[in-house]
Structure formats: structure tokens, C-alpha cells
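Each remark here refers to the structure printed beneath this line.
The values are calculated or read from the model by the stated rules, or taken from the named source; none is laboratory data. Keep in mind the model is a prediction, meaning the values are calculated, not measured. Cβ placement follows ideal geometry from the backbone for every residue including glycine, while neighbour counts extend to all protein chains displayed.
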Amino acid sequence: MTDESVGGESTRRLGTQDLHVHTNMSDGDLSLEELVGVANRLGVTIGVADHVSSRNRAMFVSDRVRLEAYLDTLDAAPVLRSAELCWCDPFGSEIAESLRGQCDYLVGSNHGFPLPDGTFASPWWRELPTPWGERPQELMEVMVRNLCDMVARMPIDIAAHPTFMPAALLAIEDDVEAWWISEREDRFIEAALANDVAFEISNRYRLPHDRFLRKAREAGARFSLGSDGHHADQVARLDWAVAAASRAEVTDRQLFYVER
Ligand SMILES: [Zn+2]
Ligand SMILES: [Zn+2]
């Protein structure tokens, strides 16, 4: 939390809401009760955004019955209600519109994206399968096009870990701006603005990078802070995200902030 201001604009709200936290209702470690305990101790308001997705049927909130139970549980707790939906998950797209009215906000994530041949790519790829080893920039381009489509098509408020990209690409060239070239940044920022989707500053993945944040802020984008915490030592921790937001001169006015 900070009481400073930037250019006369308050930054008091920066770091007071962690809008991306997981519980053991999907793949987090903590029960909702334990999570609330940690949040209270750290003085941070929590937005629970468990995975509502059929991509892992055993672990995620993957059907309507589980979704009802999930929402009832959140309703009874002193937390903001959300859900992390997967781009290209059929269950997510089926229920997203109705879920909007039952949540305080919705989070959308690229956890996999379709390739031109109909197969799926993973942003967690550590090695590039054929033929992408020979065409890494093309793969990046396909991913950025998917991100632009994601913010345009999903009825979400926040794009989680927005610039996350395969480690296999960073192993070829570790300068993130060699992949997030300026023109790709501009396109993604423009798409998010056009669809009123905020960019998450991810404490877990330590992104977006500074140039992206600064450009997005100058273009008028909004930002949320998220720990993407799954473990007790991650939830409600926003130190890196607050520092990154401060470097980009993000103030309360650019924050995606949920009034309670
Ligand atoms: Zn995610
Ligand atoms: Zn998450």
C-alpha cells in the first residue's frame, strides 16, 4: 500500500485489491477460509478467480452443478466474486454471459490457443514442436492475434497474465521486446481499449514488461493487480506488481478497482 501520488493523482488504492487468487475449489492450496485469513492479515481485499473451465474436469469448476456451489460459497464470504475463464474452452464460452451477472468481474486467460492446422499451442511450451521451431516469430504472431481475439470475443473485464509467452521463445531470444515488438504491443493495447478490458499486472509471472505498461497507460488502458496466488506464500502478495505499476506511473484513475 502506498500514500504517495504521481503528478497530483492519488495512488492510495494501488496494492489494496488482489483480483486474481485461487482456492482449493480449483487448483489452489488454501480453503476460502484460510485465504480470507491471509488476506485479512495482510490488509488486502481478495477477488477469488478460480478456474471455471472444462480443461481440467477433475480439478476445475467444470460443470454447472459445481459452478452453482462455487458461487454460493463465494456469496457467503467477504471476498469479491470472479472466475478465470480459459480462451477457447467451450464451457467458459457457454456460461460466460450468464456468469457476468453473478460475479463482480470476470477474468479471461490464454491457457492455450488454436494454430492454423487445428491443433493447440501452449503458452507454457518449453520446446517448439515441428514446424514452429523454424517459424518462432510466426508462432508469436498467431498468439498475439489470439490475444486480440480473446479480448474482443470473451465478455471479460480483465486479461490475466496478458503478455505471458512460451519459454521456448525466450530461450531463443531472451529480450521480450524481440517478440513483443512495438507493433504487436500496439495492436493488443488497441484491442483491449476497444473492448474495455483491463490488463492484469501479474505478481506471479512478473509481467507485462515496462514498455508495454507505459504504452498501455499512455493510451488510456486500465490495470488490475493480481497475485495469481495458488499457495499461502503467494496470495495477497503484490509487491512486484505495485512496483511495476509505479514505474509506469499508474495511478488510481487507471486502476480497475471494484467498489464493494
Ligand atoms: Zn491463468
Ligand atoms: Zn490464475
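Yes or no, residue by residue, for (1) closer than 23 Å to E34 by Cβ; (2) more than 15 Å from the chain's Cα centre (by Cα); (3) of a type in the set (S, T, Y); (4) at pLDDT 95 or above:
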| site | (1), (2), (3), (4) |
| --- | --- |
| A96 | no, yes, no, no |
| H111 | no, no, no, yes |
| P114 | no, yes, no, yes |
| L128 | no, yes, no, yes |
| Q137 | no, yes, no, yes |
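Can you spot a residue in the stretch 76-93 that is free of Cβ contacts under 8 Å to residues at least 40 places away in the same chain, over 21 Å from the mean Cα position of the chain (by Cα) and more than 16 Å from ligand 1 (Cβ to nearest atom)? Yes, the stretch 76-93 contains at least one residue that is free of Cβ contacts under 8 Å to residues at least 40 places away in the same chain, over 21 Å from the mean Cα position of the chain (by Cα) and more than 16 Å from ligand 1 (Cβ to nearest atom).
When the criteria are applied in full, W240 fails the requirement of being within 25 Å of P114 (Cβ to Cβ), surrounded by 15 or more Cβ atoms within 10 Å (Cβ to Cβ) and not polar (S, T, N, Q).
If only residues of the stretch 17-35 that are out of contact with any strand residue (DSSP E or B) (no Cβ under 7 Å at 6 or more places or on another chain) and among the charged types (D, E, K, R) are counted, the one that is surrounded by the fewest Cβ atoms within 10 Å (Cβ to Cβ) is E33.
Within the stretch 113-147, no residue satisfies the criterion of being at positive phi and either touching a Ser or Thr at 6+ places or on another chain (Cβ under 6 Å) or touching a residue at least 12 places away in the same chain (Cβ under 8 Å) (or both). Scan the stretch 46-75 residue by residue and report those that are more than 16 Å from ligand 1 (Cβ to nearest atom) and in contact with a Leu (Cβ under 7 Å, 6 or more places away or on another chain). I46, T73, listed by residue number.
Each residue in the stretch 166-184 was checked for being part of a loop (DSSP other than H, G, I, E, B) and either of a type in the set (S, T, Y) or surrounded by fewer than 21 Cβ atoms within 10 Å (Cβ to Cβ) (or both), and 5 pass. A single entry from V38, V52 fulfils the requirement of being surrounded by 18 or more Cβ atoms within 10 Å (Cβ to Cβ), within 13 Å of ligand 2 (Cβ to nearest atom) and β-branched (V, I, T): V52.
A count restricted to the stretch 103-138 and to residues that are closer than 21 Å to L85 by Cα, of a type in the set (S, T, N, Q) and away from ligand 1 (no atom under 16 Å from the Cβ) stands at 1. Taking the stretch 219-256 as the range and being in contact with a strand residue (DSSP E or B) (Cβ under 6 Å, 6 or more places away or on another chain), assigned to a helix (DSSP H, G or I) and hydrophobic (A, V, I, L, M, F, W, C) as the test, the residues that pass are A241, A244, A245. Inside the stretch 120-154, can you point out the residues that are surrounded by fewer than 18 Cβ atoms within 10 Å (Cβ to Cβ), aromatic (F, W, Y) and in a loop (DSSP other than H, G, I, E, B)? Those that are surrounded by fewer than 18 Cβ atoms within 10 Å (Cβ to Cβ), aromatic (F, W, Y) and in a loop (DSSP other than H, G, I, E, B): W124, W125. Can you confirm whether the stretch 169-191 contains a residue that is among the small types (G, A, S) and within 28 Å of R100 (Cβ to Cβ)? Within the stretch 169-191, one or more residues are among the small types (G, A, S) and within 28 Å of R100 (Cβ to Cβ).
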